[in-house]
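This report refers to the structure that appears directly beneath it.
The values are calculated or read from the model by the stated rules, or taken from the named source; none is laboratory data. Just so it is clear, the structure is predicted and the values come from calculations on it, not from any experiment. Don't worry about glycine lacking a Cβ; one is built from the backbone with ideal geometry, like all the others, and counts go over all protein chains shown.
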Amino acid sequence: MTTYAPIRIDLAGFARDGLGDHAALITLAQQADRLGFGGIWFNEFHFARHRLPHPSTLLLGAAILAVTERLRFGTSILVLPLYHPLLLAEQVAQLDRQSGGRLDVGVGRGTSPDTFHALGLDPDQARPRFKAALEIVQTALMHGTVSHDSPFWSFSNVSVGPPAVQRPHPPIYMAAVAPDNLGLAARKGLPLLYSLEPNEQRQFAPYCAALDRHGQGTGPLQASSLSRYVCIHKDRATALAQLDRLTRHLNEGRAARARAAGNPAPPPRTRAQMLDGHAIAGTPDDCIAQIYDLSARLHTRSIRAFFSANGAIPVLQARAAMRLFAAQVLPALACAPVMTRAAP
């Protein structure tokens, strides 16, 4: 018997597109709220004064949640080793309460040694600091009182608040690629934030295997969030031409980064490869079919859509695509078939 459930479409990728005008970003979030998108996600990067107008993700979240009514706000990610986890847990709880329970918390250990060095932290300690901080934050949000003793933090029976609205705590997602972090996410039953560049290919199979080992069922898998570029137009040829331009831009960027690192350029991606693992493109009906196929293959009910492709697609074009997607694709995703994952 076929069952049906919504597929949630969120927005991502607008933090790196030069949208330094804060009012314009707020307007975009309000548009997303009116159009019916599920949420909007922003990344955390620090200490790049002229490129990053919003280094504090939670401060940006407070502004967006204050002027929207139903749109959720997600962090993708909070770099847990950079924070004292008690203070971070209180900030998360407060923002969840202020928003009436519209906060999604994506966490990870971070990959930029420069940020750790700037803060006087040892990058080699990022992994154990992350695991300890995650345990503290989750316990504090769930129970309100937490004790901990490790080389990084030591405290006893600290009351952390206010109580979050969402119970047992706001949804926590992990950005995880390393096997031990995938295992940690599976053991805790936490959904993943799948990456886009590179895509989820490195994460999906080992995460499924870890979920099976820990007897977690399909819930975390269905809640995990995919990432895809989106090129949509009423005319298929126009949408695919947009995809081809985006593909050339991405191929050039990948080649430039490889040269800067002294490595050979990777093979350029083709349109077929983009459609297979990185993009949703075509008419509204094409997009619906591709999303249904993604849900069936990867068993997820959540996709972060990169309409602006991190600035590669002009904001006005991205907003027009959002309107078309909301009008003709979102209604078909409100009640979409659920494919049951076969037993291992």
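Take Glu90 and decide whether it is outside any strand (DSSP E or B), more than 14 Å from the chain's Cα centre (by Cα) and loosely packed, with under 13 Cβ neighbours inside 10 Å. Considered against the rule, which asks whether it is outside any strand (DSSP E or B), more than 14 Å from the chain's Cα centre (by Cα) and loosely packed, with under 13 Cβ neighbours inside 10 Å, Glu90 comes out as no.
Within segment 222-259, track down each residue that is of a type in the set (Ser, Thr, Tyr) and more than 25 Å from the chain's Cα centre (by Cα). Result: Thr238, single match. Evaluated against (1) more than 20 Å from the chain's Cα centre (by Cα); (2) of a type outside the set (Lys, Arg); (3) surrounded by 14 or more Cβ atoms within 10 Å (Cβ to Cβ); (4) part of a loop (DSSP other than H, G, I, E, B), Gly262 falls short on exactly one condition, (3).
Of Ser147, Ser156, all but one fail to be within 21 Å of Gln94 (Cα to Cα), of a type in the set (Ser, Thr, Tyr), in contact with a strand residue (DSSP E or B) (Cβ under 9 Å, 6 or more places away or on another chain) and assigned to a strand (DSSP E or B); the exception is Ser147. Pairs meeting the criteria (first residue in segment 254-265 and small (Gly, Ala, Ser), second residue part of a helix (DSSP H, G or I) and surrounded by 10 or more Cβ atoms within 10 Å (Cβ to Cβ), beta carbons under 8 Å, at least 6 apart or on different chains) are Ala265/Arg254; Ala265/Ala255; Ala265/Ala258; Ala265/Arg259.
Conditions tested, residue by residue: (1) touching a strand residue (DSSP E or B) at 6+ places or on another chain (Cβ under 8 Å); (2) under 21 Å from Gln201 (Cα atoms); (3) free of Cβ contacts under 8 Å to residues at least 60 places away in the same chain; (4) surrounded by fewer than 17 Cβ atoms within 10 Å (Cβ to Cβ).
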| site | (1), (2), (3), (4) |
| --- | --- |
| Pro267 | no, yes, yes, yes |
| Leu275 | yes, yes, yes, no |
| Asp285 | no, no, yes, yes |
| Asp293 | no, yes, yes, yes |
| Ser308 | no, no, no, no |
| Val315 | no, no, no, no |
| Ala336 | yes, no, no, no |
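Put simply, of Arg70, Arg102, Arg97 the only residue that is touching a Lys or Arg at 6+ places or on another chain (Cβ under 6 Å) and of a type outside the set (A, V, I, L, M) is Arg102. Can you find even one residue in segment 71-78 that is in contact with a helix residue (DSSP H, G or I) (Cβ under 9 Å, 6 or more places away or on another chain), part of a loop (DSSP other than H, G, I, E, B) and either among the small types (Gly, Ala, Ser) or modelled with pLDDT under 95 (or both)? Within segment 71-78 (the criterion being in contact with a helix residue (DSSP H, G or I) (Cβ under 9 Å, 6 or more places away or on another chain), part of a loop (DSSP other than H, G, I, E, B) and either among the small types (Gly, Ala, Ser) or modelled with pLDDT under 95 (or both)), the answer is no, since none of the residues qualifies. Against the conditions (1) within 17 Å of Ala12 (Cα to Cα); (2) in contact with a strand residue (DSSP E or B) (Cβ under 9 Å, 6 or more places away or on another chain); (3) of a type in the set (D, E, K, R), Arg109 satisfies every one except (1).
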